[in-house]
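Okay, so here's the structure we're looking at.
The values are calculated or read from the model by the stated rules, or taken from the named source; none is laboratory data. In this text the structure is predicted, and so the values were computed from the model without any measurement. Here the Cβ positions follow ideal geometry from the backbone for every residue, glycine too, while neighbour counts run over all protein chains shown. Areas reflect the complete protein model, heavy atoms only, side chains present, ligands, DNA and RNA absent. Shrake-Rupley method; radii C 1.70, N 1.55, O 1.52, S 1.80 Å.
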Amino acid sequence: MSSAVSPLAPKNVPDMPTIAGVRLATAEAGIRYKNRTDVLLAIMDKGTAVAGVFTKSKCPSAPVEWCRAKLKGGKARALVVNSGNANAFTGKTGRGSTALTAKIAAKAVGCSEGEIFLASTGVIGEPLDATKFDGVLGRLAETAEPGDYLAAAKAIMTTDTFPKVATATVKLGKAKVTINGMAKGAGMIAPDMATMLSFIFTDAPIAPAALQALLKAGVEDTFNAVTIDGDTSTSDTLLAFATGAAAEHGAPKISRASDPRLKAFVKAFNQILANLSEQVARDGEGARKLVEITVEGAKTKTSARKIAMSIANSPLVKTAIAGEDANWGRVVMAVGKAGEPADRDKLSISFNGIRVAKSGARDPSYDEAQVSEAMKAPEIAIKVSLGLGKGRDRVLTCDLTKEYVAINGDYRS
């Protein structure tokens with residue numbers, strides 16, 4: 001966790017309302033960091049539905065494997081998250097740590113171990129001493145209260161420079177329901193399912209299968225459309241919990257994701273995912289520029305996504321942006337290497353609304369001074385028009401600075 005907040009951090013942090021059926025508490029367990037909170041316990045009422053999406057990495061962390069196995073039950077009573085140690089690439093020791101953590105949490109909360117969900121973030125390859133949770137989780141279970149989502153978001157930070165939270169309130173039937181979300185992530189970010197760590201809570205009465213369908217669809221154009229450095233984590237986890245408490249106030253029970261009564265909820269739910277994923281991009285390690293890349297005129301949306309990601313993950317493109325250089329040649333390179341249909345002589349490129357290349361060559365009206373001034377902005381929009389079809393997509397990234405190298409060069413020190 002950095003002491004200097006990213007210059008791209010949101011100017012305003014929302015007031016996070018309570019959600020009926022959810023209580024939170026944080027503590028210092030001494031996992032790796034000193035003098036800061038590093039463990040979060042969220043307790044949910046009985047009957048809470050759970051859904052999740054996880055990394056597609058072939059080297060997943062022990063907590064990811066645990067959650068995948070327990071997700072089949074569809075119900076959750078508690079979530080335990082620690083920072084400082086990812087409990088990944090830790091073999092039998094790692095699996096033992098998850099089992100012990102779940103056992104300690106289940107005893108503290110008073111539920112079965114199958115209703116405990118776990119997530120860990122931090123250094124890969126170091127054993128996690130789960131005995132450090134003994135006693136801590138018991139105290140947290142006694143002191144947990146509805147409310148402090150900002151403190152919860154701070155407890156799960158690693159190299160993040162600010163806590164990431166978002167909230168929305170919408171109507172479901174005649175009742176108001178609330179959606180709260182938090183996320184962490186600043187490096188090793190190229191989600192291939194959902195995100196680094198992110199947790200969504202709602203009091204809406206939504207069945208596990210419906211919640212799972214909403215989550216799987218919602219991540220595609222939000223968390224799966226963000227990249228910081230092209231590296232997919234071993235620990236990527238996004239969990240959603242629905243306590244159903246709003247049913248007491250007239251919210252209808254939802255069993256299908258296609259239920260038309262969910263329209264407003266789905267819109268708000270996806271906005272929460274989009275908000276959190278943008279905050280992750282804004283907090284990219286060492287970032288000074290938020291970069292939006294739009295590719296249009298592709299053969300298909302899938303093709304547009306692959307080309308946009310090729311641009312977003314290019315170190316040459318990202319360092320040019322860090323240097324405030326509208327180097328369209330590097331964008332052309334990234335388009336060409338994507339392996340997707342492209343025609344050099346139909347290609348057009350713009351930076352912050354200023355077209356710099358047209359029909360496969362420099363734009364005749366190109367003005368170096370005008371473009372250089374535009375590149376000083378903290379937010380950069382790159383648009384690529386392929387002229388081949390109707391496929392369009394958008395991804396978010398950030399620039400690549402010397403600070404990124406410094407942060408990651410010293411990460412285990």
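Over the chain, dividing the summed -39,500 (n - 2.57) contributions of all DSSP H runs of at least 4 residues by the number of residues returns a 222 nm mean residue ellipticity of -8500 deg cm²/dmol. Shown in residue order for the stretch 143-150 are the 3J(HN,Hα) couplings computed by the Karplus curve 6.51 cos²θ - 1.76 cosθ + 1.60 at θ = phi - 60°: 9, 4, 9, x, x, 6, 6, 5 Hz (x for Gly and Pro).
I'd like to check one number: the per residue accessible area of the chain, probe 1.4 Å, reported in Å² as a whole number. Intermediate results must be reported in sequence, preceding the final value.
Numbers: 17350 Å² over 413 residues.
In whole numbers, the chain has 42 Å² accessible per residue.
Run through the DSSP bridge list for the stretch 133-270 and note the antiparallel percent, rounded to the nearest 5.
Values: 15 of 22 bridges.
Around 70 percent of the beta bridges assigned by DSSP in the stretch 133-270 are antiparallel ones.
Probe radius 1.4 Å, ligands and nucleic acids ignored: give me the carbon and sulfur share of the accessible area of the stretch 205-244 as a rounded percent. Don't skip to the answer; put the middle values down first.
Numbers: 530 of 1010 Å².
The computed percentage sits at 52.
Work out how much length V266 to R344 would gain on full extension: take 0.36 nm times their residue separation and subtract the Cα-Cα distance, in nm to one decimal. Provide the component values of the computation, followed by the final result.
Values: separation 78, 0.36 × 78 = 28.08 nm, distance 3.96 nm.
That works out to 24.1 nm of additional length.
Legend: calculated FRET efficiency, D129 to A9, from the Cβ-Cβ distance at R0 = 35 Å, rounded to 0.05, equals 0.60.
Relative contact order of the chain, taken over Cα pairs closer than 8 Å and 6 or more residues apart, is 18 percent.
Per residue and in cubic angstrom, what volume does the convex hull of the Cα atoms of the stretch 1-116 have? Please list the in-between numbers first.
Numbers: hull volume 17.3 nm³, N = 116.
With only Cα atoms used, the stretch 1-116 gives 149 Å³ per residue.
Straight-distance candidates among the lysines for linking to K376, with alpha-carbon spacing under 24 Å and chain neighbours fewer than 8 residues away dropped: K11, K289, K318, K358, K402.
For a Förster distance of 25 Å, can you work out the FRET efficiency between the beta-carbons of S372 and E403, rounded to the nearest 0.05? Computed FRET efficiency for S372 and E403: 0.65. The alpha-carbon of K46 sits under 19 angstrom from the alpha-carbons of these lysines, leaving out residues fewer than 8 places away in its chain: K70, K72, K75, K103, K107, K253.
Dipole magnitude of the chain about its Cα centre, charges +1 at Lys/Arg Cβ and -1 at Asp/Glu Cβ only, in debye to the nearest 20? Write out the running numbers ahead of the final one.
Working: 53 positive and 42 negative charges, 236 e Å.
Using Cβ point charges on Lys, Arg, Asp and Glu, the chain gives about 1140 debye.
Considering only alpha-carbon pairs that sit under 8 angstrom and 6 or more positions apart, the relative contact order computed for the stretch 50-111 is 40 percent.
Put a dot 7 Å past the Cα of D192, heading toward its Cβ, do the same for D325, and the two dots end up 3.1 nm apart. Rounded to the nearest 0.05, what FRET efficiency is calculated for E142 and K337 with R0 set to 60 Å and r the Cβ-Cβ distance? Working from the Cβ atoms, E equals 0.60.
Any idea what the relative contact order of the stretch 296-395 is, in percent, if you count C-alpha pairs under 8 Å spaced at least 6 apart? It would help to have the intermediate numbers written out before the result.
On the way: 166 pairs, mean separation 45.2, N = 100.
In percent, rounded to a whole number, it is 45.
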